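Okay, structure first, notes after.
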Amino acid sequence: MWAIIKKEVKSYFLSPVGYVFIGSFLLMSSFFFYMYTYTSGSVEYSSLFYYTTELLTFTIALLTMGAFAAERKNGTETLLLTSPRSITSIVLGKFLAALVVIIITEVFSLMYYAILCYFAGGITGVSESISTLIGFILIAMSYIAFGLFISSLTENQIIAGVATIVVLTISWFLPNLSESLYILSPINLFQKYPEGIIAARESITLITLTIMFLLLTIVVMQRRKNLK
Amino acid sequence: MIKVENVTKKYGSHTAIDNISFEIKEGEIVGFLGPNGAGKTTTMSIITGYIEPNSGHVEISGYNVSKKARKAKREIGYMPETTPLYNELTPKEFINYMAELKSVPRKERKAEVERVIKAVNIDDVQNKLIRNLSRGYRQRVSLAGALVGNPKVLILDEPTVGLDPKQVTQIRSLIKSLGKDHTVILSSHILSEVSQICEKVIIINKGKLVAIDTPENLEKKEAGENTLLVTVEDPEGKINDTVKAMANVRDIKLVKEIPDGTKQYSIFARGDKDIRKDIFANFAKCGITIFELKKAEISLEDAFIDLIDNQKEEKSKTKEEIKKEKQEQKEKNKKDKENKKAEKNKEKENKKKEKGGDK
């Protein structure tokens, strides 16, 4: 699995994908930071993440759409599937590689925190910031797992990307349809973390969604062996 | 070493591989032959565990490929026909990644990668991007990916396609030398290549195993008889009588008349007797000049074409049989339906009667 993580992270940064993802994310984060935090005179680092999680809904597909679709199209899937690696470790490897990119992004976004601390004249809102970062990783995990699942269904990257964005956007507005669909909406599950609460129910739901989609991906990959 | 048992693969109603069984021993170099679409690649994909067969199973060093996948796959180095590679990596990085995937220990990895790079002779491009490599280099990088980690079994799908003649001979001798301590399966449509490298040939056609034997045996089987080809100048037309007077000759046939006045005959000897000396002596006596005298050889090519043509005839027969079977089944189905209908009607009537009784 370590070999796959290493290679995948390397591939993210050998191709423009990693830079485009981090660059566009930070560019838009800076925009939000200026618009909603800086100009309103707020020193809350966590409130910035209400916007950046929405951003994630549209940009996560960049990381996940090629994961299986591109490998299938190029035929390199053969190399992975005939190597002595289990499908589980292949899927987990790709999942963790995408997560590494997210964590790198998060580290970069700490600069906003530094700026706020500078203006506030000291370290502020530590607990809120930590819970927000944890929440951000959890929501990213569920998004990545879902994106990988969609990518495993097709060999067309564009279709995988568009389908991921569309479904994640729909999930955002699901609670408007019915209150009970709240648990299928990562972005709504996230709302408590910036308040400094690591809510058990929300965390468990996000982790469950992640595991569910990872399992579905593994099942799809395993089933495809029989269909090829 | 490799055991393929009753493997069948179907795509919908199309049967790609039909009940194939064979065994390959350690250290053998086996050639897979067959026309396009015969099922060579599918068979290889099943052996490597990339595709799951509908029925039957494959064992490698005693490990079932579908049940003990990791252990079985550790024994295999596979070079797919399409030579898939990661374009964003360099050959060195790619081979290193393949070594990692195959769990080559970290300490040995560097030396192993270098060994393989030397073996396939890609030192000069090892740090270029794979994206920019020509077909021949890609081919060799892909082969290197299969070789790394020194797996016991090498499965090479058309390893010499797209190489220039010098590279072809290089790769061929590489494969031959690998055959000393590896089991190699390679597919090819170049028959001379197979008869040069391989100790055993498996011919498949339309998903069925047609023949499995050494190239020499296949050629012999087809040659069958002890036949000579002679080209002579025979101004007096005595050849027929001369030959028929000889003891060990069964028959003579004119093959063609050549414009320079000579004629080519094929002479069929009795049994295994070598009659070349007799022919030379007798012909000289009768004033027949021999321009050429040779054994008629049948190449693997002839054997291959013959075997596949034979199978076609058989197939057409079986097709008719299949048609018959289908018709019979249709009739059966019809009867069954009728029977069911009759039963239903009976049931209905019974129910009606019961209802009538209730009333």
Discussion item. For Cα pairs less than 8 Å apart in space and 6+ apart in sequence, what is the mean separation divided by the residue count of chain B, i.e. the relative contact order in percent?
Written reply: 16 percent
Worksheet entry | Residues losing 30 Å² or more accessible surface upon assembly, segment A:4-49, compared with the chain by itself, 1.4 Å | A:LYS6, A:LYS7, A:LYS10, A:LEU14
Discussion item. How big is the dipole moment of segment B:222-295 about its Cα centre under a simple scheme where the beta carbon of each Lys and Arg is +1, that of each Asp and Glu is -1, and everything else is neutral? Debye, nearest 20, please.
Written reply: 220 debye
Discussion item. Just want to confirm a number: the relative contact order over segment B:222-295, from Cα pairs under 8 angstrom separated by 6+ residues, in percent.
Written reply: 46 percent
Worksheet item: Can you pull the percent of segment A:1-112's accessible area that's carbon plus sulfur, 1.4 Å probe, other chains left in place?
Response: 73 percent
Fill in: Accessible surface, per residue, of segment B:2-217 when the full set of protein chains is kept, probe 1.4 Å, Å²
41 Å²
Worksheet item: Please identify the trypsin sites (Lys or Arg not before Pro) of segment B:29-69 that satisfy two criteria: DSSP loop assignment and at most 14 other Cβ atoms within 10 Å. Which are they?
Response: B:LYS67
Worksheet entry | Loop trypsin sites (Lys or Arg not before Pro), segment B:81-128 (other Cβ atoms within 10 Å of the site Cβ: 14 or fewer; DSSP) | B:LYS128
Fill in: Amide H partners (placed H, <5 Å) of B:LYS200, local residues excluded
B:ILE29, B:GLY31
Response to the item:
Sorting A:LEU189, A:GLY18, A:ILE5 by the position of each Cα along the dipole of chain A (Lys, Arg +1; Asp, Glu -1; all at Cβ), the one nearest the positive end of that ordering is A:ILE5
Fill in: Sum of -39500 (n - 2.57) over DSSP H runs of 4+, divided by residues of the protein assembly as shown (222 nm, nearest 500)
-19000 deg cm²/dmol
Worksheet item: Taking θ as phi - 60°, what are the ³J(HN,Hα) couplings along segment B:174-183 by the Karplus curve (6.51, -1.76, 1.60), each to the nearest whole Hz, with x for Gly and Pro?
Response: 4, 4, 4, 6, 5, x, 5, 10, 10, 9
Worksheet entry | Counting DSSP beta bridges with both ends in chain B, the antiparallel % (nearest 5) | 70 percent
Worksheet item: In whole Hz, what ³J(HN,Hα) sequence does segment A:156-162 give by Karplus (6.51, -1.76, 1.60; θ = phi - 60°), x for Gly and Pro?
Response: 9, 4, 4, 4, 4, x, 5
Practice prompt. Pull out a ≥ b ≥ c, the square roots of the eigenvalues of the alpha-carbon gyration tensor of segment B:222-295, then state rounded if a/c is under 1.5, prolate if not and a/b is larger than b/c, and oblate in the remaining case.
Written response: oblate
Item to complete: Set Lys and Arg Cβ to +1 and Asp and Glu Cβ to -1, take the dipole of the protein assembly as shown about its Cα centre, and tell me which of A:THR59, B:LEU85, B:ILE171 lies farthest positive.
Response: A:THR59
Item to complete: Compare the Cα positions of A:THR78, A:PHE149, A:ALA200 along the charge dipole of segment A:69-228 (+1 at Cβ of Lys, Arg; -1 at Cβ of Asp, Glu; about the Cα centre) and return the one farthest towards the positive end.
Response: A:THR78
Item to complete: Sort segment A:83-228 into rounded, prolate or oblate with this rule: let a ≥ b ≥ c be the square roots of the eigenvalues of the Cα gyration tensor; rounded if a/c is under 1.5, and if a/c is not under 1.5, prolate when a/b is larger than b/c, oblate otherwise.
Response: prolate
Item to complete: Using DSSP to define loop residues, name the GluC sites (Glu not before Pro) in segment A:1-103 whose beta-carbon has at most 12 other beta-carbon atoms within 10 Å.
Response: none
Worksheet entry | Among A:110-120, B:145-155, the order from most to least packed when residues are scored by Cβ within 10 Å on average | B:145-155, A:110-120
Item to complete: Output ³J(HN,Hα) for segment B:87-104: one whole-Hz value per residue in order, computed from phi by the Karplus curve 6.51 cos²θ - 1.76 cosθ + 1.60 with θ = phi - 60°, and x for Gly and Pro.
Response: 5, 7, 9, 8, x, 4, 5, 4, 5, 5, 4, 4, 5, 5, 4, 8, 6, 6
Fill in: B versus A: buried accessible surface, summed, Å² (probe 1.4 Å, to nearest 100)
2600 Å²
Fill in: Anisotropy class of chain B from Cα gyration tensor, a/c 1.5 cut
oblate
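The values are calculated or read from the model by the stated rules, or taken from the named source; none is laboratory data. Please read all numbers here as calculations on a predicted model, not as lab measurements. Here Cβ is always computed from backbone atoms with ideal geometry, including for glycine, and neighbour counts include all displayed protein chains. The area values use the complete protein model at the heavy-atom level, side chains included, leaving out ligands, DNA and RNA. Shrake-Rupley method; radii C 1.70, N 1.55, O 1.52, S 1.80 Å.
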